[in-house]
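Have a look at the structure below before the remarks.
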Amino acid sequence: MLTREMVRRLPKAELHVHLDGSLRPSTMLDLAKQAGITLPVSDAVALRKYMIVDNAHDLEEFLTRFQVTIALLQTPEAIERVAYEMVEDAADDHLRYLEVRYCPALSTREGLSLDEVILAERRGLERGERDFGVRTGIINCSLRHLSPETSVEIAEHSVRMRPHGVVAFDLAGGEAGRMPGVHGEAFDIAVKGGLGITVHAGEAAGAESIAEAIHRCHAERIGHGTRLFEDPELEAYVRDRRISVEINITSNLQTHAVERASLHPVRRYLERGLNVTLCTDSWLMCGVLLTDEYWLAHTELGVTREEMDRLILHGFGSAFLPWPEKQALVAAVKAELEEVA
């Protein structure tokens, strides 16, 4: 019989989680004190509850809560600390691989350069790798409301910082009414520079957003992809090209992309052979770790242990890693999965 503790012990890969959505409440209190910032509440337990977005009407309202954490991420020390603690928390949840995404432009309010932000994040992740044995990568995001010129600048810096752990380029932020192709030049730069491409799409907009992410922005992975089912032909294309879909059940509930977990289309995608894996989006705002997402899929969608292993292996197989390293990691995870019973 599958138990939550068994799910926690499974090796897992987290491909879609935001740095600014995954701070520890205790760390937020420390950083706020250092920066002279007043938080909405001053107790760690109450702050954790406050930061969970359980009352948003849509994605735009969900994203407003990030302003609280972004204000705390304006120094190299703060960024490095949060990145390091994310790796520690990932290890506690039996993650073996972690890709952290963030828009570095959000941390330039007080004079940091994009490269200084990225290097601070990398220092934290590298220390975490050494201390906790979790392999990590950085995904740099631009945001839909930023100018295409800003996206180009972030893409150029991302390519230059490949030797410092940047593995991919992404576009996040409010999706409704903002098609990703507007930022197409940035994606051209990123893909020519050898970066992986993932794009938030199909969450607050329909399948047409996913299509443009793939055909104009070179997406190898789709963040969310909740509404892919609206276009069966595109769904088949995504399946046949093995484009990975990063599923975030709890986040989709909070933004009302779906109304009940039991109705989430990940069950459909899994049964139709799509390359899907489960992710959290944000540990703080969503109030979940990856174990919680897999357990939710089991209890609400009937995902079996065999299907769970398939979702997990899809995650490792879709990692933005060099092929030999990815193959070795997948082989090690397969052996580890067989040991957890």
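Condition first: among the hydroxyl-bearing types (Ser, Thr, Tyr) and without any contact (Cβ under 8 Å) to a residue 24 or more places away in the chain. Can you find one or more residues in region 233-243 that meet it? Working first, answer last.
Looking only at region 233-243, we keep the residues that are among the hydroxyl-bearing types (Ser, Thr, Tyr), and these are 237.
Within this subset, residues satisfying the condition of being without any contact (Cβ under 8 Å) to a residue 24 or more places away in the chain are 237.
Among the residues of region 233-243, at least one is among the hydroxyl-bearing types (Ser, Thr, Tyr) and without any contact (Cβ under 8 Å) to a residue 24 or more places away in the chain, which makes the answer yes.
Give the residues of region 248-260 that are open to solvent by 10 Å² or more (accessible area, probe 1.4 Å) and assigned to a helix (DSSP H, G or I), sorted by residue number.
Across region 248-260, the qualifying residues are THR250, LEU253, GLN254.
Would you check which residues across region 115-137 are among the basic types (Lys, Arg) and either open to solvent by less than 70 Å² (accessible area, probe 1.4 Å) or assigned to a helix (DSSP H, G or I) (or both) and list them? Write out each step before concluding.
Of all residues in region 115-137, those among the basic types (Lys, Arg) come to 122-123, 127, 130, 135.
If the condition is that a residue be among the basic types (Lys, Arg) and either open to solvent by less than 70 Å² (accessible area, probe 1.4 Å) or assigned to a helix (DSSP H, G or I) (or both), then ARG122, ARG123, ARG127, ARG130 are the ones that fit.
Condition first: part of a loop (DSSP other than H, G, I, E, B), hydrophobic (A, V, I, L, M, F, W, C) and either touching a residue at least 60 places away in the same chain (Cβ under 8 Å) or open to solvent by 30 Å² or more (accessible area, probe 1.4 Å) (or both). Now tell me which residues in region 280-325 satisfy that.
Residues of region 280-325 part of a loop (DSSP other than H, G, I, E, B): 280, 282, 287-289, 302-304, 318-322.
Those still in the list that are hydrophobic (A, V, I, L, M, F, W, C) too: 288-289, 303, 319-321.
Matches in region 280-325: LEU289, ALA319, PHE320, LEU321.
Let me confirm something: among ALA213, ALA219, ALA236, which residue is assigned to a helix (DSSP H, G or I) and either under 15 Å from the mean Cα position of the chain (by Cα) or buried (at least 24 other Cβ atoms within 10 Å of the Cβ) (or both)?
On the way: ALA219 fails: assigned to a helix (DSSP H, G or I); ALA236 fails: either under 15 Å from the mean Cα position of the chain (by Cα) or buried (at least 24 other Cβ atoms within 10 Å of the Cβ) (or both).
Within the list ALA213, ALA219, ALA236, the selection yields ALA213.
Could we say that VAL41 is over 22 Å from the mean Cα position of the chain (by Cα), open to solvent by 30 Å² or more (accessible area, probe 1.4 Å), more than 25 Å from THR299 (Cα to Cα) and at pLDDT 95 or above here? First the steps, then the outcome.
Working: over 22 Å from the mean Cα position of the chain (by Cα): yes; open to solvent by 30 Å² or more (accessible area, probe 1.4 Å): yes; more than 25 Å from THR299 (Cα to Cα): yes; at pLDDT 95 or above: no.
No, not satisfied.
Each row is one residue, and each column tells you yes or no for (1) of a type in the set (Gly, Ala, Ser); (2) touching a residue at least 40 places away in the same chain (Cβ under 8 Å).
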site	(1), (2)
ALA13	yes, yes
VAL17	no, yes
ALA32	yes, yes
ALA46	yes, no
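The values are calculated or read from the model by the stated rules, or taken from the named source; none is laboratory data. These numbers come from a predicted model, not from an experiment. Positions of Cβ are generated from backbone atoms using ideal geometry, with glycine treated the same way; all protein chains shown enter the neighbour counts. These accessible areas exclude ligands, DNA and RNA; they are computed on the full protein's heavy atoms, side chains included. Shrake-Rupley method; radii C 1.70, N 1.55, O 1.52, S 1.80 Å.
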